[in-house]
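Just so it is clear, none of the values below were taken in a lab; they were calculated from the coordinates. Remember, it's a predicted structure, so these values are computed and weren't measured experimentally. Using ideal geometry, Cβ is built from the backbone for each residue, glycine included, and neighbour counts are taken over all protein chains shown.
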Amino acid sequence: MKTPLLHFGLSILTAFFFTTSSSAEPLLTGEAPKIKSYPYKTSANVPRKMEVYFPPGHDPSKSKVPGLILFHGGGWAKGSLDQFRDACAYFASRGLVCATAEYRMLTKKEAKALPDGETRKRACIIDAKSAIRWYKENASELGIDPERIITGGGSAGGHISTLATLNPGLNDPADPKGFDTGVVAYLLFNPAYSDTDEKDPQVDVLRHLTPSMAPAIVFFGDDDKWKAGFDTAYAKLRKLGNTSMELHLAEGQGHSFFNKEPWKTVTLLAADRFLIKEGLLSGEPTLDSPETGEALLHES
């Protein structure tokens, strides 16, 4: 039976988030998207929330647009939806239905109690898969095309979104049947892939890369210690024959550089152009490049 579209409260104005986010300047000047909050599942007896951002004037009965769902970072143990509220509001203003979702994060005590060979990352991935399935199951009511779902995230969220779509395991038995977690593109902000994940094959990106992995744009600071793990995965993907992943570097920047201006705007502009190239957005980006001249280096 389809999960009902219950929401926790009234729609709220995006402007609220822009006055409380870490952005130095608002990213939007036009009409703010509507935002609704939904419980997409319950895990460990806690409702897990998804915030959905609707384009201005979006009518689900008349329009089915691509859907974007992003997962926050925080070392698989912390973090909040605030990380991608600006991104969701911006891409909603460009015509996508966007979402950012919570997920279960094990406490230190719970993580220590795991059997040998298992890591806390599994719980995060299980909930991310549930979130993507819920998004597809409710596509008609949300006004999205379930065949054109984009995912991604930052740091741990980038890892989670990758495994949620590539690993056929780690499924919640309570998830609705008949909905896969496949996507058509990724927005990955310094995804935290680690060589130590080989100890738990279920969370090891290297075990699940395929030649058919959907196109991705990836952002890294060239001074980010997590880049080494990504480089290994990137090399393996290319060895498999997949050349659809774009790598964009920020010189002199470290981990999570994209969370602050001017790099937030720079990365969103690049992500926008990537989605245009993939046929998932149309028109031109509505953000201006920073006057200070920061730019990304594109490595093919």
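Where the centre of each part is set by its Cα atoms, how far does the range 93-161 sit from the range 236-300, in angstrom?
Each part reduced to its Cα centre gives a spacing of 22 Å.
Would you please give the residues with an amide H less than 5 Å from that of His255, counting only those at least 5 places away or on a separate chain, with H modeled from the backbone geometry?
Lys225
Which residues make up the longest stretch of the chain that has no GluC sites (Glu not before Pro) in a DSSP loop with at most 11 other Cβ atoms within 10 Å?
Numbers: sites that count: Glu251, Glu291.
It works out to 1-250.
Based only on Cα atoms, what mean projected area does the convex hull of the range 168-300 have, in nm²?
Numbers: hull surface 39.3 nm².
Averaged projected area of the range 168-300's Cα convex hull equals 9.8 nm².
Given an 8 Å cut-off on Cα distances and at least 6 residues of separation, report the relative contact order of the chain as a percent. Don't jump to the answer; show the numbers that get you there.
Details: 606 pairs, mean separation 45.4, N = 300.
About 15 percent, as a whole number.
Could you go through the range 90-97 in sequence order and give the Karplus-derived ³J(HN,Hα) for each residue, using 6.51 cos²θ - 1.76 cosθ + 1.60 with θ = phi - 60°, rounded to whole Hz, and x for Gly and Pro?
5, 5, 5, 5, 8, x, 8, 7
Straight-line reach only, C-alpha to C-alpha below 15 angstrom: list the aspartates and glutamates that Lys121 could link to, leaving out same-chain residues fewer than 8 apart.
The reachable aspartates and glutamates, counting only those whose Cα sits under 15 Å from Lys121, are Glu102, Glu110, Asp172, Asp195, Asp197, Glu198, Asp200, Asp204.
Calculate the dipole size of the range 27-97 relative to its Cα centre from +1 charges on Lys and Arg beta carbons and -1 charges on Asp and Glu beta carbons; express the result in debye to the nearest 20. Mind dumping the intermediate values first?
Working: 10 positive and 5 negative charges, 52 e Å.
Charge dipole, the range 27-97, about its Cα centre: 240 debye, nearest 20.
Wrap a convex hull around the Cα atoms of the range 12-299, take a quarter of its surface area, and give that in square nanometres. It would help to have the intermediate numbers written out before the result.
Working: hull surface 58.1 nm².
In nm², the orientation-averaged hull projection of the range 12-299 is 14.5.
If you place +1 on the Cβ of every Lys and Arg, -1 on the Cβ of every Asp and Glu, and leave all else neutral, what size is the dipole of the chain about its Cα centre, to the nearest 20 Debye? Before the final figure, lay out each step's value.
Values: 34 positive and 37 negative charges, 217 e Å.
Using only the charged Cβ atoms, the result is roughly 1040 debye.
³J(HN,Hα) across the range 284-297 via Karplus (A = 6.51, B = -1.76, C = 1.60, θ = phi - 60°), whole Hz, x for Gly/Pro?
So the Karplus estimates, Gly and Pro as x, are 10, x, 9, 8, 9, 4, x, 5, 7, x, 4, 8, 9, 8 Hz.
Isolated Cys in the chain by the 4.7 Å beta carbon test?
Cys124
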